[in-house]
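Asks: To start, I am sharing the structure in question, which I have written as structure tokens.
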Amino acid sequence: MTENYLDKRIAVLLSGGVDSSVVVYELARQGLHPDCFYIKIGPEEEEEWDCSSEEDLEMATAVAAKYGCKLSVVDCHHEYWEQVTRYTMEKVKAGYTPNPDVMCNRLIKFGAFDAKAGREYDLIATGHYARTEIIDGVKWLVTSPDPVKDQTDFLAQIDDWQLKKAFFPIGHYMKDEVRQIAEREHLVNAKRKDSQGICFLGKINYNDYIRRYLGENPGLVIELETGKRIGEHKGLWFHTIGQRHGLGFGGGPWYVVKKDVAANTLYVSKGYEPRTAYKDTFRIHDFHFLSGEQPMTEVTFKIRHTPEFHPASLEQTAPGEYVVRARQLIQGVAPGQFCVVYDKEHHRCFGSAEITL
């Protein structure tokens, strides 16, 4: 059963992109005029790091005006750079693989925004490709019909009170359908490309983002099987387990298979998808349930934003701690990644936990 929202006070997070713009259209066509909000994020100093694009705000303003909606700008600059950036840098410095987009949803879009402007609203609507359902009186996060665009993995760390306010008006559409609606309705951003970067960073390169805060810390690159020196890295934090591209070493392909933080050494393995790049068993800790604690045995999961869901069994070893036993070998399992867990039909999302090895 879907949620009734026609009598609710709705805030729309309007980014200037096509997805959130179609959210406003979807509500307006039902006679609603939600209040729209543009979240402004920017770094502390340098102009070239300013990611609160004028173009984004111009497009958000045009869409809000088209449908007679009020648009307000909410400055969450401090919260983003204090909370999301700190989380990211602490994780990468420790040798882990963080996900800033996951924490951005929890800490900023449904966190800092709610504290600053969202508390008077019943629902916070976004352009995420996800859905919610009421099952036996409980609100669940459920997957989008578009397997490529499904974004439930990015929402799997939001708090239960945030899920209760979350609203995804385009979650039942395929991406192509959203584009068609935008073009049919002559939205100003109908042909605008999707953002490919990290939440709020716009065109800023991820490695440049890391380099700004942590700099470089050169160390050895060693072939795992032979102990042979392959070259030097500029910092372990620029590399992730399972990485193949961008290593810059001849005679490959090379895969990143291990990081020794204490020795500042990067281990790589040569060949086509070496066995050392795969795991079928790993541990997760501090499981975050979205809709209350649930029994989880036979499940599906994903560890990165891909269309594939992997079948597995879970064994609970302590409160919030589980061993994941996948039915197949999984490439690039790395500590710090979020393992997002779903039911066997990969419909309901139970929540997520960090991988620990």
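Asks: Each residue of the range 341-346 in order: what ³J(HN,Hα) in whole Hz does its phi give by Karplus 6.51 cos²θ - 1.76 cosθ + 1.60, θ = phi - 60°, with x for Gly and Pro?
Replies: 10, 10, 6, 4, 8, 6
Asks: Which lysines have a Cα lying under 21 Å from the Cα of residue 164, excluding residues fewer than 8 positions away in the same chain?
Replies: 8, 109, 116, 139
Asks: Nearest 10 degrees is fine. How inclined is helix 18-28 to the longest principal axis of the chain, computing both from alpha carbons?
Replies: Computed tilt is about 30 degrees.
Asks: Charges on Cβ only, +1 for Lys and Arg, -1 for Asp and Glu, centred on the Cα centroid of the chain; of 301, 137, 99, which one is farthest towards the dipole's positive end?
Replies: Farthest along the dipole direction, towards plus: 301.
Asks: Rounding to the nearest 20 debye, state how big the charge dipole of the range 242-337 is about its Cα centre with +1 on each Lys and Arg Cβ and -1 on each Asp and Glu Cβ.
Replies: Once rounded to the nearest 20, the dipole reads 460 debye.
Asks: Here's something else I'd like to know. Once you've got the GNM for the chain with C-alpha springs shorter than 10 Å, pick whichever of 235, 219, 336 has the biggest mean-square fluctuation.
Replies: Comparing 235, 219, 336 in a Gaussian network model of the chain, the most mobile one is 219.
Asks: Is the shape of the range 71-146 best called rounded, prolate or oblate, per the rule: a/c under 1.5 gives rounded, else a/b larger than b/c gives prolate, else oblate, with a ≥ b ≥ c the square roots of the Cα gyration tensor eigenvalues?
Replies: Note, shape of the range 71-146 comes out oblate.
Asks: Also: With unit charges on the beta carbons (Lys and Arg positive, Asp and Glu negative) and the dipole taken about the Cα centre of the chain, which residue among 253, 310, 115 sits farthest to the positive side?
Replies: In the chain, that residue is 253.
Asks: If you put +1 on each Lys and Arg Cβ and -1 on each Asp and Glu Cβ, how big is the dipole of the chain around its Cα centre, in Debye rounded to 20? Mind showing how you got there, number by number?
Replies: Details: 43 positive and 52 negative charges, 162 e Å.
Charge dipole, the chain, about its Cα centre: 780 debye, nearest 20.
Asks: In addition: Can you tell me the orientation of helix 54-66 relative to the chain, as the angle in degrees between its alpha-carbon axis and the longest Cα principal axis, to the nearest 10?
Replies: Long axis of 54-66 versus the principal axis of the chain: about 30 degrees.
Asks: On to the next question. For the pair residue 220 and residue 9, how long in nm is the line joining their label points, each one 7 Å along Cα→Cβ?
Replies: 6.3 nm
Asks: What's the FRET efficiency of residue 174 with residue 122 using the Cβ-Cβ distance as r and R₀ = 30 Å, to the nearest 0.05?
Replies: Between residue 174 and residue 122 the formula returns 0.60.
Asks: Given a 1.4 Å probe, how much area per residue of the chain is accessible, in Å²? Could you put the intermediate results ahead of the total?
Replies: On the way: 16580 Å² over 357 residues.
I get 46 Å² per residue for the chain.
Asks: Further question: What value, in deg cm²/dmol to 500, does the helix sum -39500 (n - 2.57) over DSSP H runs of n ≥ 4 give at 222 nm once divided by the residues of the chain? Don't skip to the answer; put the middle values down first.
Replies: Values: 7 runs with 63 residues, N = 357.
Theoretical 222 nm ellipticity from helices: -5000 deg cm²/dmol.
Asks: A further question follows. Probe 1.4 Å, all protein chains in place: accessible area of residue 321 in Å², nearest 10?
Replies: 80 Å²
Asks: Oh, and also: Over the chain, what is the mean sequence separation of C-alpha contacts under 8 Å (at least six apart), divided by residue count, expressed as relative contact order in percent?
Replies: 16 percent
The values are calculated or read from the model by the stated rules, or taken from the named source; none is laboratory data. Remember, it's a predicted structure, so these values are computed and weren't measured experimentally. Positions of Cβ are backbone-derived with ideal geometry, glycine not excepted, and every protein chain shown enters the neighbour counts. Heavy atoms of the whole protein, side chains included, go into the accessibility calculation; ligands, DNA and RNA do not. Shrake-Rupley method; radii C 1.70, N 1.55, O 1.52, S 1.80 Å.
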